[in-house]
1. Stokes-Einstein D for the range 69-190 at 37 °C, 0.692 mPa s, Kirkwood Rh over Cα pairs, in µm²/s?
2. Arranged from highest to lowest average of other beta-carbon atoms within 10 Å per residue, in what order do the peptides 144-156, 308-320 appear?
3. Can you find, among 237, 218, 401, the residue farthest towards the positive end of the dipole of the chain? Put +1 on the C-beta of Lys and Arg, -1 on that of Asp and Glu.
4. Cross-link candidates for residue 42: which lysines have Cα within less than 17 Å, leaving aside residues fewer than 8 places away along the same chain?
5. Return the equivalent ellipsoid semi-axes of the range 279-407 as a descending list in whole Å, where each equals the square root of 5 times an eigenvalue of the C-alpha gyration tensor.
6. Which one, 189, 359, 153, projects farthest toward the positive side of the charge dipole computed for the chain from Cβ point charges (K/R +1, D/E -1)?
7. If neighbour count is taken as other Cβ atoms inside 10 Å, put 128, 120, 61, 45 in order from fewest to most.
8. In a Gaussian network model over the chain where Cα atoms closer than 10 Å are linked, find which of 125, 172, 286 has the largest mean-square fluctuation.
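Since every read-out is calculated from the coordinates, none of them should be taken as a lab result. From a predicted model like this one, the values you see are computed outputs, not experimental measurements. Cβ placement follows ideal geometry from the backbone for every residue including glycine, while neighbour counts extend to all protein chains displayed.
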Amino acid sequence: MIIQGTVKSLGMDADGLVEHEGEKYYVPYTAPGDVIEFEVIKEKRRTRLNVTQIITPSPLRTTPPCSHFGSCGGCKLQHVTNEFYLDFKMQQLMRALDFHGVVPEEVRPVHVIPEHKRRRISLTFAHRFEGMVLGYVRRQSKHIIDVQQCFLIRPEIESLLPKLRDFLRMLFPHRESGYVDIIASRTGLDVNVKTGYLKKLNWEQSELFTAFAVDNNLARLSLNYRPVITISEPTVQFSGVNVVVEAGKFLQASDEADAFMLACVEEYMPKKIAYGLDLFSGRGTFTFLLAKKAPVDAFECEQDAINAMQAAAKNIRADLNVIKRDLFTYPLQKEELAKYDFIMVDPPRAGALQQVEQIGQSTVKDLVYISCSPASFARDAQILKQHGFVLNSVTPLDQFLWSEHLEVIAKFSRL
Ligand SMILES: C[S@@+](CC[C@H](N)C(=O)[O-])C[C@H]1O[C@@H](n2cnc3c(N)ncnc32)[C@H](O)[C@@H]1O
C-alpha cells in the first residue's frame, strides 16, 4: 500500500507521525512538515514503512553528514536542523515530566557530546558471498551495513575497522557470523569477538589473534569474553582512580560524558556528607567521587563490575564497601537507608521504582538521580514528589548523538 501525507511531529522514537484515514503511521527518517509518499510493507512479524518519495521537504531538514545515514540503523536524526534537534531532545524530558505532573525548579540547557567521542560500540559481522561485512544492522531488518565511516565513534576505533574486517575474514568461513564489542580504554583498544563458531582456538587461529592484537597495539583481544591475549589491562579513570573495563560490559558512552556528569554530580551533592550511598554503582563512575568526601556503600548486581571496583579500591585510601545485591528484587529498605544522608541512584533504563519507594519512606533528604530514560525517571520523580522531595534542578545530557535517547542528571531534596 502506498500513502501520501504530511509529517505532523516526531514520536518518542524520533519517527515522523503521519495520520491517514484514522490510522497513525510513524515513518523513519522524516521531519515535521515533510510531505511524503511512503510504502506500508506488511511482513510476518512487523510492518515496515519505507519513504518512496519526499514530495515537499520540510524547512527543518538539513544535509546529513554521514553517507550511511538512513540505512545503517545507527543514527535517526542527522537530517534535521540543530535547533530542532535540541528542542526534540528537551521535549523528551519535558513531556515525560509533564505527563507525571512533576515541575522542576530549574531546567538547564541540553549539553551535547559531539561527534567522534563514543568509546564503546558493538558491531555485527557476517562472511557473505561478496566478502566480510562488518557494521550496524539496518533498522527492522537483519541486513548488516558494511560501515566504512562512522561519525559517532572515536577515531582509533574507526581506523581499526578495515583491519578488523580482514582479520575476521581470515578466521570465519562463508556464512559464519558473530559480533564484536570494542572499548577505547586509556591503555588501548579492548576487543571481544563473540561467536558460536569458534569455541576453542587451534594453533593457527591463536597465532592470528596474537598477530592482530600486537600489530594493532590492542590492549586486549578476547574470544567470547575470555582474553586470548592481554598486552595491558584495559582501564578507564574515574576521579583519578584506574578501573579495569571489559568490552561488552556497561560503561558510560564517552570520557566526555563521564566528565560532564561527574561535574554535575559534584555540584548537586551537598557540601558535607556524613555517609554516602551509591545505588547501581557499576564500576564506580560516581562512587570514587563520593568516596573522596565520605565513607560510601556501593550496591551493584554484576559480579565483574564489583570485582573491578574492589580491585581499584585497594589502590586508594577510601572507606568504601562494594556490595552485591539485586536492587529490583531486594531494594534497600527504609530502615537500612537510615544511616545515609546522601544517595546517588543510577539505574538501568527500567528505572528504580521499588528502590525509590523505599527512599521516599526513609529519612534521607538529599538525592542525585541519574537516568538514561526520561520516561522511567519522570515516573520515579513523581513518587519522590509524593514523599515530599522537590526536583531542584535537572540537566539533560545528549550522550548518544543523533539518537532519540537522553540522559538526565537531577538533584532532589526535601526539608
Ligand atoms: C546505568 S548503569 C550505571 C552504572 C554506573 N553508575 C556508571 O555510571 O557507570 C546501571 C547499573 O545497574 C546495574 N544493575 C542492573 N540491574 C540491577 C539490579 N537489579 N540490581 C543492582 N544493580 C543492577 C548494572 O549492572 C549497571 O552497572
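1. Diffusion coefficient, whole number: 193 µm²/s.
2. Packing order, densest peptide first, comes out as 144-156, 308-320.
3. 218
4. Cα-Cα hits under 17 Å: 24, 142.
5. Ellipsoid semi-axes (Å, largest first): 23, 19, 14.
6. Going by the charge dipole, the pick is 189.
7. 45, 128, 61, 120
8. The residue with the greatest mean-square fluctuation here is 172.
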